[in-house]
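Below: the structure, in structure tokens.
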Amino acid sequence: MTGPGPLPAEAGGPPSELDKLRRRVAALSEKRDEAEARLHALLGALLSLDDVLADTRLRAGVLHAARSARETASAALALGEQIDAAHLMLRAEFERHDVSPMDVVGRAVDPAEMRVVGTEPHPDHPGGTVLRETVTGFRRGSDTLRAAQVVVSVPGPAPEPVSAPETEPGPVTESGPAADAVRAQPRRTTRAQRRLLRKPSVRRTRRPRRPRRTD
């Protein structure tokens with residue numbers, strides 16, 4: 001035999017512990033269903049992105065197989081357009097899920113959203129100003145999804161640009177099978193050189209002329 005079940009709450013009285021538990025379970029089930037629906041939609045959007053990336057891989061193969069400058073330029077342009085399309089598609093899906101990139105360049109460092117990975121002297125910006133991002137940060141709503149990795153300014157003169165040392169062009173030498181084949185060919189001599197190289201004992205003798213016949 002089982003004992004008596006929990007007594008129902010009196011009408012108009014406070015809810016029983018069982019009613020509170022049922023309400024919590026119902027709320028958690030609703031949140032789980034909502035999370036499942038959002039995950040399903042996100043994965044469905046990523047399938048389209050996978051199609052674009054697969055086509056991008058094919059275009060990269062065409063670029064490597066290009067045999068002329070014209071084919072290379074055309075394949076590189078198509079590959080760049082495909083990469084831009086994939087990036088825009090991904091950013092649009094982020095926006096649909098309330099995920100947006102941070103715009104922190106020119107702002108003061110905020111440890112809650114940024115992580116400093118380097119410093120650089122700059123005469124025009126106060127210390128602690130973000131000069132550039134090395135890794136883009138993202139927000140989801142008002143929460144930080146990923147902190148931005150930034151390079152900030154410090155007081156001091158701007159660093160001078162480092163110029164590459166100038167090198168004088170040296171003599172151009174050919175190498176390879178083609179150059180070896182060229183070297184292997186004997187040099188042509190002129191007619192005057194052939195006369196000098198001829199042995200003195202070897203001389204041409206003129207044939208005697210035949211007398212003309214007179215009728």
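Within region 69-81, one or more residues are surrounded by fewer than 10 Cβ atoms within 10 Å (Cβ to Cβ) and either in contact (Cβ under 8 Å) with a residue 24 or more places away in the chain or not hydroxyl-bearing (Ser, Thr, Tyr) (or both).
When region 108-124 is filtered for residues that are in a strand (DSSP E or B) and of a type in the set (A, V, I, L, M, F, W, C), the ones remaining, listed by number, are ALA108, MET114, VAL116, VAL117.
Residues of region 30-46 include at least one that is in a helix (DSSP H, G or I) and closer than 30 Å to ALA76 by Cβ. Among the residues of region 109-124, those identified as over 19 Å from ARG140 (Cα atoms) and surrounded by 13 or more Cβ atoms within 10 Å (Cβ to Cβ) are VAL109, VAL116, VAL117, THR119, GLU120, PRO121, HIS122.
On the given criteria, is ARG91 among the basic types (Lys, Arg) and over 30 Å from VAL151 (Cβ atoms)? Please lay out each step first, then the result.
Working: among the basic types (Lys, Arg): yes; over 30 Å from VAL151 (Cβ atoms): no.
No, not satisfied.
Look at ALA92 and say whether it is surrounded by fewer than 10 Cβ atoms within 10 Å (Cβ to Cβ) and modelled with pLDDT of 85 or more. Spell out the reasoning first.
On the way: surrounded by fewer than 10 Cβ atoms within 10 Å (Cβ to Cβ): no; modelled with pLDDT of 85 or more: yes.
No: the conditions fail for ALA92.
Within region 73-107, the residues that satisfy the criterion of being in contact with an Asp or Glu (Cβ under 8 Å, 6 or more places away or on another chain) and assigned to a loop (DSSP other than H, G, I, E, B) are MET102, VAL104, VAL105.
Out of the residues in region 125-138 meeting the condition of being in a strand (DSSP E or B) and open to solvent by less than 50 Å² (accessible area, probe 1.4 Å), tell me which one is nearest to ARG91 (Cα to Cα). Give the steps one after another, and end with the answer.
Initially, region 125-138 is screened for residues in a strand (DSSP E or B), giving 129-135, 138.
Subsequent filtering for residues that are open to solvent by less than 50 Å² (accessible area, probe 1.4 Å) retains 129-131, 135, 138.
Details: THR129: 27, VAL130: 23, LEU131: 23, VAL135: 15, PHE138: 11 Å.
Only one residue tops the list, namely PHE138.
The values are calculated or read from the model by the stated rules, or taken from the named source; none is laboratory data. As the structure is a prediction and not an experimental result, all values here were calculated from the model. We place every Cβ from the backbone using ideal geometry, glycine too, and count neighbours over all the protein chains shown. Areas reflect the complete protein model, heavy atoms only, side chains present, ligands, DNA and RNA absent. Shrake-Rupley method; radii C 1.70, N 1.55, O 1.52, S 1.80 Å.
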